[in-house]
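The values are calculated or read from the model by the stated rules, or taken from the named source; none is laboratory data. The shown structure was predicted, so the numbers you read here are calculated from the model rather than taken from an experiment. Cβ: placed from backbone, ideal geometry, glycine included. Neighbour counts: every protein chain shown.
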Amino acid sequence: MPRMLDVSDEVRAEIGDEEANRLLAGENAPGSYDCTSCRTPGDSEHERTSTVLFIGDETAVLAFAHATCLPSQIVQVTEEQLQGAVRSISGDSADMDPGNKVAPEQAVLGVTSGLVLIAGELHPALVVEPTSPIVRPGSTGLGDDFLPLLIEQGFMPLSELSEAPPVQHGWSVLLAMGQLHAVLQPSANGGQPVAWWQAHQPLQVTEGWRAAANKHQQVLMFAAPVGSIGRQPREDLLRDALDKAAANGKLVGAALPLAGT
């Protein structure tokens, strides 16, 4: 059965017309899948689905995402990340390397933009939630250290959203040509800031969000562990999810200065 797949020009160019046409015809694409962005189930027979090609140094893996989560695109990752994510769940991915059946398992930081009302004023906000637990580098444990790692960087635990969190100096949000490009953090060696999170392609933000960012010259960043926020289609629902996460002790935040225009 034909699939409701989006195959971008760059993905088509990489995998070839023959493979792209087989995918669209349903010959080499699963009907159901776990979204590579939000990790919830999707169905390419009934909802628009993006093809996302992860490319390492030697291996390429085709994964699937809700079109509302990610556009069809190519994502460059290290071979170590890709090989470290090898698993053998049949039907979870269409592998471009016939010798393996792999799907990327490294955590992806999901970023949602929205306006948040605090103390009667609208603030531009970014809400960050990983797609899987984040463990401390070098750790072999199975816990989730996402919030402790951010707290160590200076982000504040929030029990409620009654006031804007304090400014996190050295960090910034990069806007260019009215689009969101990256969240920058200080370099370990004191050089130019480096990307803590970088959009695979610039993200569109609303005119209202951009106007609020220009007004405040800063963006509020909130972060929560996997499963705390979820995909929220409206800003009021996003705010409800933030309030709930804060009340449950699962939210940190900071105000990041605006870089760019």
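Tabulated data for the structure shown
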quantity: Odd one out for Pro165 among (1) outside any loop (DSSP other than H, G, I, E, B); (2) touching a residue at least 60 places away in the same chain (Cβ under 8 Å); (3) not acidic (Asp, Glu); calculated: (1)
quantity: Matching residues in region 187-238 - criterion: being of a type in the set (Val, Ile, Thr) and over 27 Å from Gly249 (Cα atoms); calculated: Val194, Val205, Thr206
quantity: Residues that are part of a helix (DSSP H, G or I) and among the aliphatic types (A, V, I, L, M), drawn from region 199-213; calculated: Ala211, Ala212, Ala213
quantity: Evaluation of Ala182 against (1) within 14 Å of Ala259 (Cα to Cα); (2) surrounded by fewer than 13 Cβ atoms within 10 Å (Cβ to Cβ); (3) not polar (S, T, N, Q) (one fails), failing number; calculated: (2)
quantity: Among (1) under 21 Å from the mean Cα position of the chain (by Cα); (2) buried (at least 19 other Cβ atoms within 10 Å of the Cβ), the one test that Pro202 misses; calculated: (2)
quantity: Some residue of region 224-244 being among the hydrophobic types (A, V, I, L, M, F, W, C), surrounded by fewer than 18 Cβ atoms within 10 Å (Cβ to Cβ) and part of a helix (DSSP H, G or I); calculated: yes
quantity: Strands (runs of 3 or more DSSP E) wholly inside region 33-136 that include at least 1 residues being surrounded by fewer than 16 Cβ atoms within 10 Å (Cβ to Cβ) and at pLDDT below 75; calculated: 73-76
quantity: Check on Val183, under 17 Å from the mean Cα position of the chain (by Cα) and assigned by TED's automatic domain parsing to the domain that holds Glu152; calculated: yes
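To keep it simple, each residue is scored yes or no on (1) basic (Lys, Arg); (2) assigned to a loop (DSSP other than H, G, I, E, B); (3) at pLDDT 95 or above; (4) in contact with a helix residue (DSSP H, G or I) (Cβ under 7 Å, 6 or more places away or on another chain).
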| position | (1), (2), (3), (4) |
| --- | --- |
| Val183 | no, no, no, no |
| Trp197 | no, no, no, no |
| Lys215 | yes, no, no, no |
| Val219 | no, no, yes, yes |
| Ala255 | no, no, yes, no |
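Residue-by-condition table, conditions (1) touching a strand residue (DSSP E or B) at 6+ places or on another chain (Cβ under 7 Å); (2) among the aliphatic types (A, V, I, L, M); (3) more than 15 Å from Thr112 (Cα to Cα):
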position	(1), (2), (3)
Leu126	yes, yes, no
Pro166	yes, no, yes
Ser172	yes, no, yes
Gln179	yes, no, no
Pro202	yes, no, no
Gly230	no, no, no
